[in-house]
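Visitor: Structure incoming, see below.
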Amino acid sequence: MAQILTFLGKGGTGRTTIAIATAKALAQQGKRVLLLGQTPEPSLSLLLNTPIPRTSAAPQAIAANLEIWHLSAARLLEQSWEEVKKLEAQYVRTPFFKNVYGQELAVLPGMDNALVLNALREYDASGTYDVIVLDSRGDLQTLRMLGMAETLGWYVRRFRQVFADSDLGKALAPFIQPITSTVLNVNWSADSQPQPVQKMNNLLDEGLAAIADPNRVAAYLVTTADPLAIATARYLWGSSQQVGLTVAGVIANQATNASFSDEFSPLEISALPAMADPSDWQGLINALPDFSQVSRSPRPIAIDIPSRQIKLFLPGFNKEDVKLSQYGPEVTIEAGDQRRNITLPPELSGQSVTGAKFQDGYLIVSF
């Protein structure tokens, strides 16, 4: 399993430059590094002064221990579609996707995020790399992509149970097994899940566990001295907590004389100098943070069962930005433009919220 690093911040703050410097620094340390470019712009090629073919089917080596690949949604869709067809042929008695070809499919809005996330999962599982540096869009869409496992997992659990409890679900339950047996090569009863569904649930659980582990997935905020860049970084910091993503530090690009300690406390801030020579990366590399220290960062959520409290770290927001609601065994936190559903542990499940307060960047919920 690889460590996955990405960078969040306003456009124009130098995220791609920092992603390249990070990949170079870790490769110099002897780590096997994959640099993935998600955005369609040719920034990576221009900054590296190296042509990166967008039609390449696999990463290409550009230095010792360092490979790079520019992600193409169309190519990822084509590759993923072939996997879908293989799964269909494995589980469906009479496949019906066999006459649809990946080369003719168009990328629908939002599909690219799912494809990139799947590519990350596959490269992580390959064991080929120690670190994957993702040069992402660095915005709210990136956070929604990284939080997709939790979101999809909630939809699967919630709507499966809603259907099972409905009159329609109860009426169809006796017919599920015989009907699916005529279509699928696997058994599917009302009380069990077929292998492909269980496999999907396992993948979602693995993705959720990876995002929750700062040693597996972490982000760094990138800002300049521009007040709008600082405000954007703070907003993305709080939004990261809503998907369970650890923000490990702040990189102040070309802002060596600026002070951000009050804005981003308690995060460590690394000030990067401007590049005097576009081909001289060592100055940036030397100023980068220690990427092995991510575990020291504040955790997005902490559950204190003896005190009957849940603490959520939501920096960049105040109490007017946060809404709390409770439905059944879950508590929903809305902050900014995102919602997070928190399944309560057995010790707190079924208990009503008795109070909530916003203190020092933390939302503290009591039961």
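The values are calculated or read from the model by the stated rules, or taken from the named source; none is laboratory data. Note that this is a predicted model, so its numbers are computed, not measured. Methodologically, a virtual Cβ is constructed for each residue, glycine included, from the backbone with ideal geometry; neighbour enumeration extends over all protein chains shown.
Visitor: Name the residue that is farthest from residue 208 (Cα to Cα), counting only residues in segment 117-158 that are of a type in the set (Val, Ile, Thr) and more than 10 Å from the chain's Cα centre (by Cα).
Guide: That would be 128.
Visitor: Name the single residue, out of those in segment 308-339 being assigned to a loop (DSSP other than H, G, I, E, B) and touching a residue at least 40 places away in the same chain (Cβ under 8 Å), that is farthest from the chain's Cα centre (by Cα).
Guide: 308
Visitor: Name the residues in segment 68-106 that are in contact (Cβ under 8 Å) with a residue 60 or more places away in the chain and surrounded by 12 or more Cβ atoms within 10 Å (Cβ to Cβ), would you?
Guide: 87, 90, 91, 92
Visitor: Could you please find all residues in segment 259-302 being in a loop (DSSP other than H, G, I, E, B), surrounded by 16 or more Cβ atoms within 10 Å (Cβ to Cβ) and more than 23 Å from the chain's Cα centre (by Cα)?
Guide: 260, 275, 281
Visitor: Outside any helix (DSSP H, G or I), in the same structural domain as residue 237 (by TED's automatic domain parsing) and touching a helix residue (DSSP H, G or I) at 6+ places or on another chain (Cβ under 9 Å), is that true of residue 100?
Guide: yes
Visitor: Let me ask you something else. Looking at residue 129, is it loosely packed, with under 14 Cβ neighbours inside 10 Å and not charged (D, E, K, R)?
Guide: no
Visitor: Kindly indicate whether residue 267 is in contact with a Pro (Cβ under 9 Å, 6 or more places away or on another chain) and either closer than 21 Å to residue 143 by Cα or of a type in the set (Gly, Ala, Ser) (or both).
Guide: The answer is yes for residue 267.
Visitor: Further question: Under 6 Å by Cβ, and 6 or more places apart or on different chains, what pairs join a residue from segment 12-23 that is assigned by TED's automatic domain parsing to the domain that holds residue 252 with one that is of a type in the set (Phe, Trp, Tyr) and part of a loop (DSSP other than H, G, I, E, B)?
Guide: So the pair list comes out as 21/281.
Visitor: Could you count how many residues in segment 31-46 are modelled with pLDDT of 90 or more and aliphatic (A, V, I, L, M)?
Guide: Of the residues in segment 31-46, 4 are modelled with pLDDT of 90 or more and aliphatic (A, V, I, L, M).
Visitor: Does residue 116 satisfy being within 28 Å of residue 223 (Cα to Cα), out of contact with any Asp or Glu (no Cβ under 8 Å at 6 or more places or on another chain) and not basic (Lys, Arg)?
Guide: The answer is yes for residue 116.
Visitor: Across segment 172-229, which residue is modelled with the lowest pLDDT among those that are in a loop (DSSP other than H, G, I, E, B) and among the β-branched types (Val, Ile, Thr)?
Guide: Per the stated criteria, the residue is 186.
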